[in-house]
Amino acid sequence: MDEAVFFDVLRQGLWVAVIIATPILVVALAAGLIVGLFQALTSIQEMTLTFVPKLAAIVAVFWISMGFMTETLVSFFKSQLVPLI
């Protein structure tokens, strides 16, 4: 295996990881901001108030985007890794 091919496949694999992680990270950021604003406006400083809604949002988005994630990984493996093996 040539060095350029290795680094190209590695670069594409990292890009697939970014694409797969983006929906979950965006929802976690949005949920954190909303809960943080709610806590700042109401002066409620409960630790579970930050954890539970964010966890629920992440699980919901993961459940919804599971098909997209699987299809993206399968297409990457079929187009990039299987021909190299």
>> Which residues among the stretch 11-36 fall inside the zone where the amide N is under 18 Å from a point 7 Å beyond the Cα of Leu49, along Cα→Cβ?
In response: 30-36
> Where the accessible area of the chain is counted over protein heavy atoms with a 1.4 Å probe, how much of it, in %, is carbon and sulfur?
Replying inline: 77 percent
> Any idea of the accessible area per residue across the chain, 1.4 Å probe, to the nearest Å²?
Replying inline: 75 Å²
>> Between 0 and 90 degrees, rounded to the nearest ten: what's the tilt of helix 3-42 against the longest Cα principal axis of the chain?
In response: 10 degrees
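Using Cα pairs closer than 8 Å and at least 6 residues apart in sequence, work out the relative contact order for the chain, in percent. Mind showing how you got there, number by number?
On the way: 30 pairs, mean separation 35.1, N = 85.
In percent, rounded to a whole number, it is 41.
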> What FRET efficiency comes out for the pair Ser65/Leu41, r = Cβ-Cβ distance, R0 = 22 Å, nearest 0.05?
Replying inline: 0.15
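Please find the FRET efficiency linking Asp2 to Leu73, where r is the Cβ-Cβ separation and R0 is fixed at 30 Å, and quote it to the nearest 0.05. The partial results should precede the final answer.
Details: r = 24 Å, r/R0 = 0.81.
After rounding to 0.05, the efficiency reads 0.80.
The values are calculated or read from the model by the stated rules, or taken from the named source; none is laboratory data. Keep in mind that this is a model prediction, so the values were computed, not measured. Neighbour counts run over all protein chains shown; Cβ positions are idealised from the backbone, glycine included. With ligands, DNA and RNA removed, areas are computed over all heavy atoms of the protein, side chains included. Shrake-Rupley method; radii C 1.70, N 1.55, O 1.52, S 1.80 Å.
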